[in-house]
Each structure stands twice: as C-alpha cells, then as structure tokens.
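Quick notes on the structure that follows.
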Amino acid sequence: MNAMSQRQDNLIVVLDIGSAWTRVVAADVNEGSIRYCGHGTVASAGMRKGLIAELGPAAKAVRAANEQAERAAHVNIEECVVGVGGPHVRGLNTNGGLQLGSRMREITRDDVRTAVERARAVERPPDREILHLLPRQFILDDQPGIFDPVGMVGARLEVDLHIATCSGSALQSTVTCANRAGLEVSEAVLESIAAAEATLSGDERDLGVCLLDIGAHSSDLVVFYEGAVAYTASVPIGGAHFTNDLAIGLQMPVAQAEEIKRQYGNVVVTAVPQDAEIEIANPQPQLLSLRMVAEILEPRARELMYYVRESLRQGGVLEALGAGCVLTGGGAMLPGMLDVTESQLRCPARTGLPVRLSHMPAELVHPCYSVAVGMLLYAQRTQMNRAAENSSLRSKLRAMFANSF
C-alpha cells in the first residue's frame, strides 16, 4: 500500500471533456521528469455545442474514461486537472503598476504580485471566471520588455497582463461533472494554452505564432508573441460541422459521413483527381465522386479560416505571426487544411503533434491528444514553480530565525 500512496503523491491526472471524446491521462513525476502511466478514452455524452448539457451522461463518460486509466496505470485516481475551452473563452489585455516610493529600491516578489493584482482589477461581467493571469511583460522605470523584474532596482513597476477568462457556469458544470464521477478538481487550464505547451517550440513563441486547436464543435486559438500570450479566442466551427455538411449534402447518416470524411476527405478540390470514385451503400450500392466530397468540405474549411483571420485581425495580432500557424486537435488531420490555412492567413502552417513523454504509446502522438499531454506538462510546470517558491520562502524564514538567535 505504501508504494501506492507514494505513487499518489507524484501522480498528475488530466481530464479533457471534449464534444466528441472524453479523455483521462495519468502520468507520474519523479525528480522533475514526467512519465506516462496510462489513459482512458470514451465517446462523450450529454454534450451540446461544446458545453455540458446533461450532467448524468457526461459524468458517466468521465467515470468510464477514468476507470480505463486507473486499470492501465494501476492506481486509484482521486483528483485531476480539467481543461476548459469552447466559445465562452475570452481574453483581454490590461495594464497596471505601482510607485515604489521616492527612492529607487530592489523589486521583490510581493511588488510583482501587487502590480499583477492592480492590472487584474478590471471590470468584468459578473459570470466571468479568471482562468489565467499571464504577464506579457514588465516595465521598470519606462524600460519595457522585462520578463522577471525580481531583484532589479527601480522606482516604478508596471505590468502588461493577458487575462484569460471563461464562463463561470460552464466551468462549474465541468467541475460538478468531474465530482459526480468521483474526482476532485485541483486546477483548471485553458485548453489552447495546454495544447501550446505540448506542440510549440520556444522559437515559435518568440517569433509570433498562432496555435489553432480544431475540436469537434469549436476551434480555440492562442497567439504567442515575444514569448508571451498576446491573444486568446475561440471560433464556433469545428470538425463536426464538416461532417454535418457531408451528411446533408450526400443525404446519408452522420456516422457514415464521418467515416467518409476520415477516409477520403480533402478540403482542396483541385487536389482530388476528377475521376476518383468509391462505392458506398446508401442504402443501395452507388458510386460517390470524391471530388464532390471535397466540393462540400472546401467551403467549410475556408469559412473556418475566414473566422480565424477575422478574430486575429480584431485582436491586432494578424501581422504578428512570424512563425505562422500551427494546427492541432482532431480537425487538423483533414488533408488540405494546411493549404487552406496558408492561403487564408498568408503565413506558413504546420501540424502540431504533442511531444512524446517517456513510456507514452505511439497512438497518443496524435493532434487529438495535444490538449491532454499539454495539460500534464502545464500541471508539472506549475507544481515545480510552486515547489521552488516554497523552498525559497523556507530558506528566507530559516535566515530570519538564524539572525534572531
């Protein structure tokens, strides 16, 4: 039993409730390195337009995914980190600061906290919940571009802050759903920021990059510039819309349309040979032109990227994508998506695969696991930061007591 409780302390478990799939992934952390332990994936239930509409079925799916992960990892899972995404996610940029007195002095961690608190004290609608406070830069006595001002000397400290918010009721539904499945929630992470953690390089974040996570019902995006988050948003189009277009256009059941999209879909009509055909049962056997499939899918892909471009333009970051756009999430796998992205956003595009954790099976190195793997990495990093802050606090206290004797 002792070994098991030992594992519990080092365990990080993430829960990603998507419109299409509910995923639980467990990993353990030993001496700073993270190792995959097991996962569970089941079809989501009780979801509508990317939000939990019925708690019962949604919680049942979470419980089933969690039981799969527990069996694979040989542990009891009691708490998790949840992901939050979808159309209700919004970000805003604010600024705040403090005068450090008439004479210059050294900046402390508390000064940084105060500056961030002042920048976050903006009016926001009553149902908005703050997910992340992300400093973009600190400005010390009019010198911008400072990443960590602690220990520097100055008379005035300011911070540019990006605040990622979500709907309070949507977040509460996610937490309640996890609780009903027997899981406590330790923290919530914006899914696009998690996906970025698993897919983007440091160079891309510095040069300016848009990460687009194409889910089933919505696509979440985050822009990094000069290493920091500059913009977060969501557009209400995802992979399910492509499938529904096919189901309507070809007059077939959604499940069959999904299969055809996965096997033969392409969002660039000219990439499909004119005579390419397959035989389908609908309900009688008939020939289906693959060009026709592409003719239905291409306008939807163009519409998605039009929305993304408009969103980036409104956020003032369309010109900031020096490293281009990285597509992840299940919808990123549609052939031709990179071409449509490049032509609409006029920048390079690539597919984002999650980094492979030690012991992680190859099937998880897939865009649809970027959020879950990224949440593990994010949770590990926040854990390490907390531990570092605690130990520096302990050494400070020790020094104080040593001086008093």
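The values are calculated or read from the model by the stated rules, or taken from the named source; none is laboratory data. Just so we're clear, the structure is a prediction, and the values are computed from it rather than from any experiment. Using ideal geometry, Cβ is built from the backbone for each residue, glycine included, and neighbour counts are taken over all protein chains shown.
Structure data summary
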item	result
Condition check for Val116: touching a helix residue (DSSP H, G or I) at 6+ places or on another chain (Cβ under 6 Å), touching a residue at least 12 places away in the same chain (Cβ under 8 Å) and of a type outside the set (Lys, Arg)	no
Candidates Gly154, Gly168 - the one that is farther than 26 Å from Gly85 by Cβ and small (Gly, Ala, Ser)	Gly154
Hits in region 303-338 (condition: assigned to a helix (DSSP H, G or I), polar (S, T, N, Q) and either crowded, with 18+ Cβ neighbours inside 10 Å or under 17 Å from the mean Cα position of the chain (by Cα) (or both))	Ser311
Count of residues meeting criterion [charged (D, E, K, R), more than 16 Å from Glu277 (Cβ to Cβ) and surrounded by fewer than 17 Cβ atoms within 10 Å (Cβ to Cβ)] in region 291-302	1
Residue list for region 110-127, restricted to those being of a type outside the set (A, V, I, L, M, F, W, C) and either loosely packed, with under 13 Cβ neighbours inside 10 Å or over 23 Å from Ala388 (Cβ atoms) (or both)	Asp110, Arg113, Arg118, Glu123, Arg124, Pro125, Pro126, Asp127
In region 29-56, the residues that are more than 20 Å from the chain's Cα centre (by Cα) and either within 23 Å of Cys166 (Cα to Cα) or surrounded by 21 or more Cβ atoms within 10 Å (Cβ to Cβ) (or both)	Cys37, Ala45, Gly46, Ala53, Glu54, Leu55, Gly56
1 or more residues without any contact (Cβ under 8 Å) to a residue 24 or more places away in the chain: qualifying strands (runs of 3 or more DSSP E) within region 11-94	21-30, 33-43
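Rundown of residues vs (1) within 23 Å of the chain's Cα centre (by Cα); (2) in a loop (DSSP other than H, G, I, E, B); (3) more than 14 Å from Leu212 (Cα to Cα); (4) modelled with pLDDT under 95, yes/no style:
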position: Leu353; (1), (2), (3), (4): yes, yes, no, no
position: Arg356; (1), (2), (3), (4): yes, yes, yes, no
position: Met360; (1), (2), (3), (4): yes, yes, yes, no
position: Val373; (1), (2), (3), (4): yes, no, yes, no
position: Ser391; (1), (2), (3), (4): no, no, yes, yes
position: Lys396; (1), (2), (3), (4): no, no, yes, yes
position: Phe401; (1), (2), (3), (4): no, no, yes, yes
